Amino acid sequence: MSYKLDLSALAGLDRSEHGGVTRQLADFFVDAIDGGRLEPGDQLPPTRELAAAADVNHLTAARVYRRLAELGYVTASVGRGTFVSARAAAAAETGDGEWQSYVLPERRVSYAAEVLQDQFRTAQQDDIISLAVGWPTPRLYPVRELRAISDEVFADAGGEALGYLSAEGLPELREELARRGAAAGFATSPEEIIVTSGARQGLDLVARAVLGPDDVAVVESPTFTGLLTSLEDTGARVIGIPVDEDGFDVDALERVLARHEVKLCALQPACHNPTGRDLVGPRRERLLELAQERSFFVLEDAVYATLRYEGTEPQRLRAGAPAHVVYVDSLSKTVGGGLRIGWIAARGPIRGRLAALKMAADVHTSSLDQHIAARYLAAGHHDRQLERALPYYRERRDALMAALERHLAGEWRATTPAGGHHVWVTLNRPVPERALYNEALRHGMTFTPGGATMVEPGPQTSLRLSFGLLDPDELDEGVRRLAVALRAVRRYDRLAATAPLS
Ligand SMILES: Cc1ncc(COP(=O)(O)O)c(C=O)c1O
């Protein structure tokens with residue numbers, strides 16, 4: 001194959017500068033792309049050809065292409081090669097910070113992390129109907145109550161509300177959470193509680209406290225994308241366990257345990273994100289037996305457990321094995337995600353490790369916010385907040401199910417979720433997930449692609465559709481746009497299948 005560039009120019013590289021060869025090679029391609037000699041879609045020579053032409057080793061050539069990819073100039077496709085990306089023009093406008101990518105350590109951004117960032121970006125765009133984020137609606141935020149409580153906090157505690165705290169958090173908040181924990185089954189004393197900056201930080205601290213690069217963790221697949229990112233960032237091997245109508249598949253876990261020494265098993269036993277399912281009684285018991293017999297930690301994430309529209313709330317898993325289950329929760333889904341009040345409940349040596357990691361991460365969660373949260377909970381506002389929230393979200397869940405029936409009849413299957421903010425939809429006939437995502441964006445809607453929530457994407461196409469932030473008519477319009485996008489992707493697929501080979 002011939003490539004557009006004459007690589008003989010690479011013979012004159014200046015090899016005296018440390019690290020300079022990678023930079024000079026990358027600059028060679030950047031100049032060619034910026035100067036229009038290489039255009040979007042053009043293929044770059046294979047790394048072995050580049051290595052030979054520049055008289056560098058193969059690893060250096062591979063590093064050059066990785067740097068170009070980080071700068072947004074190229075995209076690599078396994079088995080096909082490296083191509084100038086369509087975004088190359090935008091990458092050229094990044095200003096004078098490009099040198100940094102030669103100095104910063106290499107960092108692979110996973111599909112889950114990429115999608116998570118995109119979800120936050122598109123959710124703030126006015127022209128896009130985002131069914132991608134599980135955010136609560138600002139309409140229900142208890143603004144009046146929190147405003148009055150903030151005044152009270154400053155009147156009563158004065159400057160103390162702004163002082164430093166221990167890493168574990170404000171004693172009054174820990175006591176209030178432990179009181180609630182005794183009723184729900186997640187904690188027995190304030191000593192077990194560590195206040196965190198949202199559940200996301202709780203998940204991350206637990207992953208880092210338990211896992212190192214040679215360890216094995218298992219997790220529900222699909223799951224919350226942020227949890228996947230935290231588990232993968234530890235360098236541990238992460239194995240996905242399917243979720244069916246009875247929740248996390250404990251038989252599949254037993255098969256994994258027969259082959260691996262598992263250190264951490266992460267799951268959401270109630271109102272699971274994204275399927276909305278609960279872990280049924282016999283599976284709960286078996287999971288706890290296994291954790292005790294085989295000595296592994298269970299990470300129980302319960303951020304959606306109280307957002308239940310049908311059925312009764314089961315006891316938290318931690319009640320059955322408090323030394324093995326580490327519990328993570330937050331006020332994000334019921335009060336407001338921006339408050340960033342979450343907590344962990346744990347006992348034994350892991351508790352001290354978690355407090356040390358929390359201290360290293362951000363010393364402690366904002367004192368003022370902890371004072372406010374403690375009073376908000378103690379005054380009973382939270383229970384009233386839940387009473388208001390449940391019918392509001394139930395109506396939106398039903399509106400989303402009706403919109404699916406109206407616009408996509410015969411195309412999908414899903415179980416109506418008993419709780420949470422999401423519907424997990426699987427298409428009856430698969431389509432390329434990224435193509436559907438891009439087409440949907442073009443039509444002004446987004447969803448969470450199922451592959452980003454899974455350890456290893458399967459052959460089916462699944463979508464997580466979230467209903468918390470939108471009104472019934474917006475949900476209907478979002479699904480209508482999705483249906484238009486799906487029809488378009490099916491049409492392209494048919495055209496591609498019938499096009500004559502050139
Ligand atoms: C299952 C699950 N766990 C944890 C989190 C993180 O919650 P927080 O906003 O409290 O960090 C989320 C957020 O979407 C979630 O869906």
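Dividing the helix sum by the residues of the chain, where each DSSP H run of 4 or more adds -39500 (n - 2.57), gives a mean residue ellipticity at 222 nm of -14000 deg cm²/dmol. Phi-derived couplings, Karplus 6.51 cos²θ - 1.76 cosθ + 1.60 at θ = phi - 60°, listed residue by residue for the stretch 256-270: 5, 5, 5, 10, 9, 8, 7, 9, 9, 10, 9, 7, 10, x, 10 Hz, with x used for Gly and Pro.
Of the peptides 382-391, 57-66, the order by per-residue mean of other Cβ atoms within 10 Å, starting with the highest, comes out as 57-66, 382-391. Computed from point charges on the beta carbon alone (+1 for Lys and Arg, -1 for Asp and Glu), the dipole magnitude for the stretch 95-202 about its Cα centre is near 360 Debye. Treating each Cα of the stretch 88-210 as an identical point scatterer and summing with the Debye formula, the log10 of I(q)/I(0) at q = 0.11, 0.13, 0.14 Å⁻¹ comes to -0.75, -0.97, -1.05. As a size descriptor, the averaged projected area of the C-alpha convex hull of the stretch 382-502 was calculated at 9.1 nm².
Can you give me the distance in nm between label points at Ala435 and Ala11, each placed 7 Å from the Cα along the Cα-to-Cβ direction? With each label placed 7 Å out from Cα toward Cβ, I get 4.5 nm. Rounded to the nearest whole Hz, the Karplus-based 3J(HN,Hα) values (6.51 cos²θ - 1.76 cosθ + 1.60, θ = phi - 60°) of the stretch 207-214 follow the sequence 4, 6, 5, 9, 10, x, x, 9, with x at glycine and proline. Over the chain, accessible surface divided per residue gives 46 Å², non-protein components excluded, 1.4 Å probe. With the highest mean first, a sort of the peptides 187-193, 406-412 on other beta-carbon atoms found within 10 angstrom per residue produces 187-193, 406-412.
Remark: the Arg108-Glu261 segment gains 52.4 nm on full extension, using 0.36 nm per residue and subtracting the alpha carbon distance.
Report note on the peptides 154-162, 283-291: ranked by the mean count of other C-beta atoms within 10 Å, highest first, their order is 283-291, 154-162. The fraction of accessible area contributed by carbon and sulfur in the chain is 52 percent, rounded to a whole number (1.4 Å probe; ligands and nucleic acids excluded).
Taking Cβ atoms as reference points and 11 Å as the exclusive limit, the residues near Pro430 contribute a net charge of 0, counting Lys and Arg as +1 and Asp and Glu as -1. The phi torsions of the stretch 150-159, fed into the Karplus equation with coefficients 6.51, -1.76 and 1.60 and a -60° offset, translate into couplings of 4, 4, 4, 4, 5, 5, 8, 9, x, x Hz, rounded to whole numbers, with Gly and Pro shown as x. Under 5 Å from the amide H of Ala266 lie the amide H atoms of Val218, Val219, Glu220, Leu299, each residue being 5 or more positions distant or on a separate chain, with H modelled from the backbone and absent for Pro and chain starts.
Taking K and R as +1 and D and E as -1, what net charge do the other residues with C-beta under 12 Å from the C-beta of Gly444 add up to? Combined, the nearby Lys, Arg, Asp and Glu give -2.
Computed from the C-beta positions of Glu293 and Ala360 and an R0 of 45 Å, the FRET efficiency is 0.85 to the nearest 0.05.
Count Lys and Arg as plus one, Asp and Glu as minus one, and take only other residues whose Cβ is under 15 Å from that of Asp476; the net charge is then -2.
The values are calculated or read from the model by the stated rules, or taken from the named source; none is laboratory data. Bear in mind that the values here come from a model prediction, so they are computed numbers and not experimental data. Reconstructed Cβ throughout: ideal geometry from the backbone, glycine too, with neighbour counts over all protein chains shown. When the accessible area is computed, the model is the full protein with side chains, heavy atoms only, and any ligands, DNA or RNA have been set aside. Shrake-Rupley method; radii C 1.70, N 1.55, O 1.52, S 1.80 Å.
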